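**Student:** This is the structure, below, for whatever I ask next.
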Amino acid sequence: PKYAEFIQAYPTIEKLAAASPASVIRIWKGLGYNRRAMYLHKTARMIVKDFNNQLPVSEQLLSKLPGLGTYTARAILVFAYKQEVPLIDTNIRRIITHFFFNDQPQKPSVIEDVAWQLLPKGKSWEWHQALMDFGALEMKKSKVHKVHKVIKSKPFRESNRFYRGRIIDLLREKEISEVKLLRKLRDQYHKPKEFLQERINDLIKEGLIERARSGILGLPN
């Protein structure tokens, strides 16, 4: 439902590019990392400004867009444009490692070399769909996976991401003074002021929130 809501609000790249960062961040709630909303918004503006409203069709140009690495660039080339390039995600890497290297980890360059050799001519789209399904469905059933040591992670509520999200959620509702925001968070979560201040400063540095001279915090406009 949140995805449908986002697409309804911004059905085209042009509409997304014309929106304010604040409006994009507000509607992004429920779709994951807020940083990705900013990347997507900046990407839309770059496409409108530099690429005549058309998503680039080369890995080199796609990789220049904010937040797009090799994997995402190639995913666009494979699934949107049906280009013949190897796409390597976690499941595909696992398949290649299992069938060609007896489950022994390999360098990314080695995995990519095998992926290029396996790519069936004219069937890139179908091939990668099949590999992803096989990796997700069949490899999980296999008993060949090594048992990895479980690393105990701290609860989400103790993570920086949790408090970053709470700060942005409060600012989605309305602008608020930094002093009042800190007090509100301290009263609710009982975290040190220094810890919360660091989260605010990080968000400002990343452009996800703004601080006015008056000490008022808000989403970027």
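Yes/no matrix, rows are residues, columns are (1) within 14 Å of the chain's Cα centre (by Cα); (2) under 27 Å from Glu173 (Cβ atoms):
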| site | (1), (2) |
| --- | --- |
| Lys29 | yes, yes |
| Arg36 | yes, yes |
| Tyr39 | yes, yes |
| Phe51 | no, no |
| Leu68 | yes, no |
| Phe79 | no, no |
| Lys82 | no, no |
| Arg94 | no, no |
| Phe101 | no, no |
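**Student:** In a helix (DSSP H, G or I), open to solvent by 60 Å² or more (accessible area, probe 1.4 Å) and acidic (Asp, Glu), is that true of Glu5?
**Tutor:** yes
**Student:** For residues that are under 17 Å from Asn34 (Cβ atoms), touching a Ser or Thr at 6+ places or on another chain (Cβ under 8 Å) and assigned to a strand (DSSP E or B), tally how many sit in segment 207-221.
**Tutor:** 1
**Student:** While we're on this one: Quick check: anything in segment 178-199 open to solvent by less than 100 Å² (accessible area, probe 1.4 Å), modelled with pLDDT of 95 or more, of a type outside the set (Val, Ile, Thr) and in contact with a Phe, Trp or Tyr (Cβ under 6 Å, 6 or more places away or on another chain)?
**Tutor:** Within segment 178-199, one or more residues are open to solvent by less than 100 Å² (accessible area, probe 1.4 Å), modelled with pLDDT of 95 or more, of a type outside the set (Val, Ile, Thr) and in contact with a Phe, Trp or Tyr (Cβ under 6 Å, 6 or more places away or on another chain).
**Student:** Quick test of your reading of the structure: Lys82 fulfils all but one of (1) closer than 30 Å to Lys42 by Cα; (2) among the basic types (Lys, Arg); (3) in a helix (DSSP H, G or I). Name the failing condition by number.
**Tutor:** Here Lys82 meets the rest and fails (3).
**Student:** Gly69 fails exactly one of the following numbered conditions: (1) open to solvent by 60 Å² or more (accessible area, probe 1.4 Å); (2) farther than 20 Å from Gln8 by Cα; (3) without any contact (Cβ under 8 Å) to a residue 60 or more places away in the chain. What is the number of that condition?
**Tutor:** (1)
**Student:** Could I ask something else about it? Answer with yes or no whether Arg93 is charged (D, E, K, R), touching a Leu at 6+ places or on another chain (Cβ under 9 Å) and either at pLDDT 95 or above or not in a loop (DSSP other than H, G, I, E, B) (or both).
**Tutor:** no
**Student:** Among residues belonging to segment 29-64 that are surrounded by 19 or more Cβ atoms within 10 Å (Cβ to Cβ) and within 25 Å of Met132 (Cα to Cα), point out the one that is modelled with the lowest pLDDT.
**Tutor:** Applying the filter and picking the extreme gives Pro56.
**Student:** Considering each of Leu40, Leu65, Leu31 in turn, give the residue that is hydrophobic (A, V, I, L, M, F, W, C), under 23 Å from Phe162 (Cβ atoms) and not in a helix (DSSP H, G or I).
**Tutor:** Leu31
**Student:** Has segment 13-23 got any residue that is open to solvent by 30 Å² or more (accessible area, probe 1.4 Å), farther than 21 Å from Lys174 by Cβ, touching a helix residue (DSSP H, G or I) at 6+ places or on another chain (Cβ under 8 Å) and in a loop (DSSP other than H, G, I, E, B)?
**Tutor:** Within segment 13-23, not a single residue is open to solvent by 30 Å² or more (accessible area, probe 1.4 Å), farther than 21 Å from Lys174 by Cβ, touching a helix residue (DSSP H, G or I) at 6+ places or on another chain (Cβ under 8 Å) and in a loop (DSSP other than H, G, I, E, B).
**Student:** Additional query: Can you find even one residue in segment 84-96 that is among the polar types (S, T, N, Q) and loosely packed, with under 15 Cβ neighbours inside 10 Å?
**Tutor:** Checking segment 84-96: at least one residue is among the polar types (S, T, N, Q) and loosely packed, with under 15 Cβ neighbours inside 10 Å.
**Student:** I want to confirm something. Restricting to segment 113-128 and keeping residues that are free of Cβ contacts under 8 Å to residues at least 12 places away in the same chain and part of a helix (DSSP H, G or I), which single residue is most open to solvent (accessible area, probe 1.4 Å)?
**Tutor:** Once the filter is applied, the top-ranked residue is Gln117.
The values are calculated or read from the model by the stated rules, or taken from the named source; none is laboratory data. Keep in mind the model is a prediction, meaning the values are calculated, not measured. So basically every Cβ, Gly included, is an ideal-geometry build from the backbone, and we count neighbours across all protein chains shown. Ligands, DNA and RNA are excluded from the accessible area calculation, which covers all protein heavy atoms including side chains. Shrake-Rupley method; radii C 1.70, N 1.55, O 1.52, S 1.80 Å.
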